Amino acid sequence: MEQPADLLALAVSVARAAGDLANRMRADGVDAVATKSTATDVVTAADRAVERLVRDKLKEARPGDVVFGEEFGGGQERAAVRWILDPIDGTVNYLYNIPVYAVSLAAEVDGQVVAGVVLNAATGREWTATRGGGAFCGGRRLRVTGETDLGQALVGTGFGYAAERRLHQARVLLGLIGHVRDVRRIGAASIDLCLVAEGALDAYYEKGLNPWDHAAGGLVAAEAGALVTGLDGNPPGADMVIAAPPALHPHLHDLLSKLDASGGP
């Protein structure tokens with residue numbers, strides 16, 4: 001039987017090596033920028049190099065596992081453990097040298113994420129969690145805020161790469177912003193979720209996330225006491241991810257539902 005603590009130990013070791021590589025390549029200057037879904041959806045040589053490093057290290061340690069990564073896909077074969085990887089979450093921040101970008105690595109067993117680490121490579125800040133074992137940062141156990149009033153909540157969000165989607169998300173934000181304390185757009189979903197876990201954000205929502213964006217951070221938030229869901233009874237996924245303390249979650253959820261936050265392109 002796979003032990004979450006053992007999987008987490010490996011994830012942390014690999015993520016730290018990956019973060020070191022990302023930082024070395026950042027110091028040398030970002031090159032070989034390409035695009036994916038749109039002209040603003042960038043990928044760097046570092047994204048690909050970091051993913052290759054993680055894949056190599058996981059294969060060396062656990063050759064029977066599979067990896068589902070942002071840059072090279074995979075992970076569809078049956079295996080005891082599937083690793084879900086975003087080599088650099090916050091590539092645009094990385095490109096512009098804004099120090100908020102993360103290596104996000106989660107271990108999934110039987111379709112359930114059981115261990116995860118999010119490492120802000122720029123600062124060394126590291127959040128970890130195991131299912132049922134709590135969430136931690138720097139040895140401190142994390143808990144979400146006790147905020148219950150949406151009007152006093154600091155809410156994080158993000159925007160898609162396609163202009164049409166951003167316009168819909170802007171309309172949602174226009175309907176939301178008068179009902180909350182304020183909004184933050186940090187640029188790395190995995191870190192946003194960890195900030196909810198530690199209480200630096202009261203809540204977070206975003207449409208358009210992929211599994212590698214929220215697998216590790218979602219576990220960290222959940223283990224810190226957040227409800228991590230989609231809209232209208234759906235699980236967290238591409239249509240919507242909401243993370244908030246249980247007392248705050250229904251207020252944010254219902255407003256986002258009313259604003260059709262999971263709709264649009």
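The values are calculated or read from the model by the stated rules, or taken from the named source; none is laboratory data. Only a predicted model underlies this, so the values are computations on that prediction, with no experimental measurement involved. When we count neighbours, we look across all protein chains shown, and the Cβ atoms used for this are built from the backbone with ideal geometry, even at glycine. Heavy atoms of the whole protein, side chains included, go into the accessibility calculation; ligands, DNA and RNA do not. Shrake-Rupley method; radii C 1.70, N 1.55, O 1.52, S 1.80 Å.
So Arg26 passes all but one of these: (1) over 18 Å from the mean Cα position of the chain (by Cα); (2) in a strand (DSSP E or B); (3) among the charged types (D, E, K, R). Which condition number does it fail?
(2)
Could you tell me whether any residue of region 191-204 is surrounded by fewer than 17 Cβ atoms within 10 Å (Cβ to Cβ), part of a loop (DSSP other than H, G, I, E, B) and modelled with pLDDT under 95?
Start the filter on region 191-204 by keeping residues that are surrounded by fewer than 17 Cβ atoms within 10 Å (Cβ to Cβ), which leaves 200.
Imposing the further condition that a residue be part of a loop (DSSP other than H, G, I, E, B) reduces the set to 200.
Pick out the ones that are also modelled with pLDDT under 95 and you get none.
The answer is no; no qualifying residue exists.
Residues that are within 24 Å of Ala11 (Cα to Cα) and either among the basic types (Lys, Arg) or not in a strand (DSSP E or B) (or both): does region 250-263 have at least one?
No: region 250-263 contains no residue that is within 24 Å of Ala11 (Cα to Cα) and either among the basic types (Lys, Arg) or not in a strand (DSSP E or B) (or both).
Applying the selection to region 57-100, what residues are part of a loop (DSSP other than H, G, I, E, B) and of a type in the set (Lys, Arg)? Give the steps one after another, and end with the answer.
Pass one, region 57-100, residues part of a loop (DSSP other than H, G, I, E, B): 62-65, 70-72, 74-81, 90, 97-100.
If the condition is that a residue be part of a loop (DSSP other than H, G, I, E, B) and of a type in the set (Lys, Arg), then Arg62, Arg78 are the ones that fit.
Of all residues in region 167-183, count the ones that are charged (D, E, K, R) and open to solvent by 90 Å² or more (accessible area, probe 1.4 Å). Show your work before the answer.
Here is the first cut: in region 167-183, the ones charged (D, E, K, R) are 171, 181-182.
The next check asks that each one be open to solvent by 90 Å² or more (accessible area, probe 1.4 Å); those that pass are 171, 181.
Adding up the residues that qualify gives 2.
Would you mind stating whether Val220 is among the β-branched types (Val, Ile, Thr), assigned to a helix (DSSP H, G or I) and at pLDDT 95 or above?
On the way: among the β-branched types (Val, Ile, Thr): yes; assigned to a helix (DSSP H, G or I): yes; at pLDDT 95 or above: yes.
When the stated conditions are applied, Val220 passes them.
May I ask you to list the residues in region 212-223 that are more than 8 Å from the chain's Cα centre (by Cα) and either open to solvent by 30 Å² or more (accessible area, probe 1.4 Å) or free of Cβ contacts under 8 Å to residues at least 40 places away in the same chain (or both)? Reasoning before the result, please.
Just the residues of region 212-223 that are more than 8 Å from the chain's Cα centre (by Cα), to begin with: 219-223.
Scanning region 212-223 gives Ala222, Glu223.
Step by step: first the residues of region 46-72, then only those that are among the small types (Gly, Ala, Ser) and modelled with pLDDT of 95 or more, then the one that is nearest to the chain's Cα centre (by Cα). Which residue is that?
Gly69
Can you pull out every residue in region 232-265 that is open to solvent by 10 Å² or more (accessible area, probe 1.4 Å) and among the hydrophobic types (A, V, I, L, M, F, W, C)? So that I can check it myself, show each step before the final result.
Restricting attention to region 232-265, the residues satisfying the condition of being open to solvent by 10 Å² or more (accessible area, probe 1.4 Å) are 232-239, 246-247, 249-251, 253-255, 257-260, 262-265.
Hits for region 232-265 are Ala238, Ala247, Leu255, Leu259.
Taking the residues in region 61-89 that are touching a residue at least 40 places away in the same chain (Cβ under 8 Å) and acidic (Asp, Glu) as candidates, determine which candidate is surrounded by the fewest Cβ atoms within 10 Å (Cβ to Cβ).
Glu70
Hey, among the residues in region 1-31 that are open to solvent by 70 Å² or more (accessible area, probe 1.4 Å) and at pLDDT below 90, which one's farthest from Arg125 (Cα to Cα)?
Met1
Here is a check on your reading of the model: is Val103 under 19 Å from the mean Cα position of the chain (by Cα), surrounded by 20 or more Cβ atoms within 10 Å (Cβ to Cβ) and under 17 Å from Arg26 (Cα atoms)?
Values: under 19 Å from the mean Cα position of the chain (by Cα): yes; surrounded by 20 or more Cβ atoms within 10 Å (Cβ to Cβ): yes; under 17 Å from Arg26 (Cα atoms): yes.
In short, yes.
Given the conditions (1) surrounded by fewer than 19 Cβ atoms within 10 Å (Cβ to Cβ); (2) in contact with a strand residue (DSSP E or B) (Cβ under 9 Å, 6 or more places away or on another chain), which single one is not true for Thr38?
Only one criterion in (1) surrounded by fewer than 19 Cβ atoms within 10 Å (Cβ to Cβ); (2) in contact with a strand residue (DSSP E or B) (Cβ under 9 Å, 6 or more places away or on another chain) is unmet by Thr38, namely (2).
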